[in-house]
Amino acid sequence: MNDLDSLVETARQAFAQSTAPAELENAKARFLGKSGRMTELMKGMAQLSPEEKKSRGAAINLAKQAIEAALTARRQALSEAELERQLQAEALDVSLPGRQRGQGGLHPVSLTLERIEGLFGSMGFEVADGPEIETDWFNFTALNTPQDHPARSMHDTFYIEGGDEQAPHLLRTHTSPMQIRHAIAHVKRHRAALDAGQAIPEIRVIAPGRTYRVDSDATHSPMFHQCEGLWIGENVSFKDLKYVFTAFCRRFFETDELVLRFRPSFFPFTEPSAEIDIQFQQGPLAGRWLEVAGSGQVHPNVVRNMGLDPERFIGFAFGMGFDRLTMLRYGVSDLRLFFDGDIRFLSQFQ
Ligand code: DAH
């Protein structure tokens, strides 16, 4: 093999060993660049006779063409390999089954909430929403709940640190503060009519939402859901509450085979007060009295705190835990299941 043939061979090998374009261009410079091997060979021709120059020149040109061809071929191969790599990386396997999105659904407690809103809505009740972080005034004081009431103790209530000592903030322990908030807004809207001694629309509202107490077992969760109801007018009586609540329960549980009893009780914000129990006449729970709500005639002090004259306005309120209603409706025995977030449990309600 002469020197030119071996140079071509060396170049071929150098190109073949270059696995990246930049490496290949470096190799090219070594052979075909300005100070590369080819240029050196050309310079070496200076001392030759015209005859020798002619044949040597032709041979060098052939070698150069061979090296250039090898370079082009290698460039081509590298760019094809790169394309192939990209195609592989971005390959779309159309035979792969699609990723399942799964179907979302409402939480069972949300389903109950929707039913409650729908049923009371059909009986002329508005739906109100309010803050879960309450002031001590709305949660207790305005509801005629005295300073020494056990519900105010640290054991029962989540107080929020760093607040005003005189007016501490807390996580509301019930939805009852919404009675006051909603009534105050209602009174404000009808201030002029009230001052003129004219009639104003009745307050008829429910206020569902999250409530909090330091409590946790199979039937109590530190966060739970209540729905407050309030009906205030000049001519409302206990029988209205009884009618509305009975109609609600029968529709909620989809049975008329259901009776209610109002059992005397005590709440600071109602007088008289009653616990509402229901009893199914059929089914697995038949014959058992189940407590579903507290209720009563709104206490005159509370009516006053709403900005209304208790001599003129009278009202009824109730508060029910609707996690409990959800458990009864679906036959669930442990409340905590609702809040554990286990999709296998939750998806059964869709
Ligand atoms: N707020 C009471 C509780 O959480 C329930 C309650 C009782 C609400 C009587 C009322 C009511 O509106 O009139 O235990």
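Laboratory data are not the source of any read-out in this text; all were calculated from the coordinates shown. Computed from a predicted structure; not experimentally measured. Cβ coordinates were reconstructed from backbone atoms using ideal geometry, including for glycine residues, and neighbour counts include every protein chain displayed.
How large is the dipole of segment 301-350 about the Cα centre if only Lys and Arg carry +1 and Asp and Glu carry -1, each at its Cβ, rounded to the nearest 20 debye?
Dipole about the Cα centre, nearest 20: 80 debye.
Enumerate the amide H contacts of T211 below 5 Å, restricted to partners 5 or more residues apart or on another chain; note that Pro and chain-start residues carry no placed amide H. Hits under the 5 Å cutoff: F224, H225, Q226.
When the chain is described by a simple charge dipole with +1 on each Lys and Arg Cβ and -1 on each Asp and Glu Cβ, the residue from L41, Q350, A199 located farthest towards its positive end is L41. Between Y330 and L92, the contour length at 0.36 nm per residue exceeds the alpha carbon distance by 81.1 nm. Shape class of segment 3-89 from the alpha-carbon gyration tensor: prolate, with a/c at 1.5 or above and a/b greater than b/c. Shape class of the chain from the Cα gyration tensor (axes a ≥ b ≥ c, square roots of the eigenvalues): prolate, since a/c reaches 1.5 or more and a/b is larger than b/c. In order along segment 29-34, the Karplus-derived 3J(HN,Hα) couplings, from 6.51 cos²θ - 1.76 cosθ + 1.60 at θ = phi - 60°, round to 4, 5, 9, 10, x, 4 Hz, and Gly and Pro are given as x. In terms of the mean number of neighbouring beta-carbon atoms within 10 Å, the peptides 314-323, 215-224, 134-143, 63-72 order highest first as 314-323, 134-143, 63-72, 215-224. Across segment 103-111, coupling constants 3J(HN,Hα) worked out from phi with the 6.51/-1.76/1.60 Karplus curve, θ = phi - 60°, read 9, x, x, 7, 5, x, 5, 5, 4 Hz, and Gly and Pro carry x. A Gaussian network model of the chain, with springs between Cα atoms under 10 Å, assigns the largest mean-square fluctuation among P201, P21, P108 to P21. Among 241-251, 90-100, 159-169, 9-19, the peptide with the highest mean count of other Cβ atoms within 10 Å heads the list, and the full ranking is 241-251, 9-19, 159-169, 90-100. In this simple spin-label model, placing a label point 7 Å from the Cα along the Cα-to-Cβ direction at both Q17 and S237 gives a separation of 10.8 nm. Taking 0.36 nm per residue of sequence separation and removing the Cα-Cα distance, the A167/E82 pair yields an extension gain of 23.5 nm. The alpha carbon centroids of segment 309-350 and segment 274-296 are separated by 14 Å.
Applying 1/(1 + (r/R0)^6) with r as the Cβ-Cβ distance of I343 and V214 and R0 = 30 angstrom yields a FRET efficiency of 0.60. Taking the Cα centre of the chain as reference, the dipole from Cβ charges on Lys and Arg (+1) and Asp and Glu (-1) amounts to some 1240 debye. Ranking N144, G229, V298 by Cα position along the charge dipole of the chain, where only Lys, Arg, Asp and Glu carry charges on their C-beta atoms, puts G229 farthest toward the positive end. 3J(HN,Hα) couplings calculated from phi for segment 287-296 with the Karplus curve 6.51 cos²θ - 1.76 cosθ + 1.60 (θ = phi - 60°) are, in sequence order, x, 8, 7, 10, 6, 10, 7, x, 7, x Hz; Gly and Pro show x.
For segment 3-89, the dipole from Cβ point charges (+1 on Lys and Arg, -1 on Asp and Glu) about the Cα centre works out to 280 debye, to the nearest 20. The alpha carbon centroids of segment 181-255 and segment 117-136 are separated by 7 Å.
Distance between the pseudo-spin-label points of E126 and E257 (7 Å out from Cα toward the beta carbon): 4.0 nm.
Annotation: amide H-H contacts under 5 Å for A274 (H modelled 1.01 Å from N, sequence separation of 5 or more, or interchain): S265, S295, G296.
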